[in-house]
Amino acid sequence: MPSVSDIRSVHEAAGALRRAAEAGRRVSIGREGGDVVLSTSRLDQVLEHEAGDLTAIVEAGVRVRDLNDRLADHGQMLALDPPGNPTIGACIAANLSGPRRHRYGTARDLVIGVTVVLGDGTVASSGGKVVKNVAGYDLAKLFCGSEGRLGLIARVALRLHPRPEASRTLATPVESPEDAVAKARSILRSPVEASAVDVVWPGRLAVLIEGSRGAVDEQFAAAHELVGGAEDFGSIWEEAEARQRRSKGRLLFAPGELAATLAGLDEAVVRVSAGVAYVSEPVPDPRDPAELALIERVRAEFDPRGVFV
């Protein structure tokens, strides 16, 4: 049976990893797979919040919704909406995102600094507390999507956004892949500033509009004139979240391939502008051998003893 350790500080994480490396034991973070399983659930503190700079520094175990509940008092938010309520560390390690990816990007676009613990117990930091800080190597971006194989993410500096005053969702039926493409293009090529544009396939196109109350009402009317449909009061985003959570694969497609992609799917939630479809079947890794080889070389540099699994 693997030993499980709840990490409460960067110092504890460094000690646990150093001991594991010296003993030749493998380590996994927040999941089974290693001889030692490290949990960051106790690293759950908001260390700094600079409301004037729209930044925050948090420990990796802080959960997205908990952070946003705290930021709401200041009229701010972390613009990540992945399914469930994952930790910030999990968001970075898996580069998670949700429907708002259309406007705000993924975790990679919102992280501006990071403190990590490497496989030999070394503590490394890069980035800073301001959005334009460029000091040092950009470990934050490198660790996004690293899946816990480069090191343990302990602290994260995040870019925040103002919390919108109002939001409305337009849902319109799509009768075919071609109809979905036509309606999505109508929105994407218009002045409508949507926060999310998803196809919940088969069936509907969902458009999330956020901002000041007057602007939201005006843009909602403009979107309705373009594609028709009716206002949805949250059910379509609940459905999109449920489909993303139970998906077994993430299919990537190039611009211009939306119709062909939808034609080959029985069910999916599709982030139109991102070229990503969350599907019910496993999807082969789209990366070519050269890219996979580069990833392994990077891992070997950060974790030469192969501590992380």
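Sorting the segments 235-247, 202-214 by their residues' average number of neighbouring beta-carbon atoms within 10 angstrom, most packed first, yields 202-214, 235-247. For the chain, the Cβ-based charge dipole about the Cα centre amounts to some 820 debye (Lys, Arg positive; Asp, Glu negative; other atoms uncharged).
Under 5 Å between amide hydrogens, built in the peptide plane, is the criterion, and for residue 55 it picks out 50, 160 among residues at least 5 positions away or on other chains. Spatial offset of the stretch 183-202 relative to the stretch 66-120 amounts to 23 Å, using the alpha carbon center of each.
Considering only alpha-carbon pairs that sit under 8 angstrom and 6 or more positions apart, the relative contact order computed for the chain is 17 percent.
The residue 25 and residue 273 beta-carbon pair, evaluated with R₀ = 25 Å, returns a calculated FRET efficiency of approximately 0.05. Short-range pairs are left out: with C-alpha atoms under 8 Å and at least six residues apart, the relative contact order of the stretch 22-120 is 15 percent. The phi torsions of the stretch 28-36, fed into the Karplus equation with coefficients 6.51, -1.76 and 1.60 and a -60° offset, translate into couplings of 10, 10, x, 7, 6, x, x, 5, 10 Hz, rounded to whole numbers, with Gly and Pro shown as x. Once the Cα atoms of helix 213-227 and of the chain are each reduced to a long axis, what angle between those two axes, in degrees from 0 to 90 to the nearest 10, is obtained? It is inclined by approximately 60 degrees.
If the chain linking residue 165 and residue 124 were pulled fully straight, counting 0.36 nm for each residue of separation and taking away their Cα-Cα distance, it would gain 10.9 nm. Backbone phi angles across the stretch 179-189, fed through the Karplus curve with coefficients 6.51, -1.76 and 1.60 (θ = phi - 60°), yield HN-Hα couplings of 5, 4, 5, 4, 6, 5, 5, 4, 6, 5, 9 Hz in residue order; Gly and Pro are listed as x. Using only alpha carbons, the chain has a radius of gyration to Kirkwood radius ratio (Rg to Rh) of 1.00.
No value in this document is a laboratory result; all are computed from the given coordinates. From a predicted model like this one, the values you see are computed outputs, not experimental measurements. All Cβ positions, glycine included, derive from the backbone under ideal geometry; neighbour counts span all protein chains shown.
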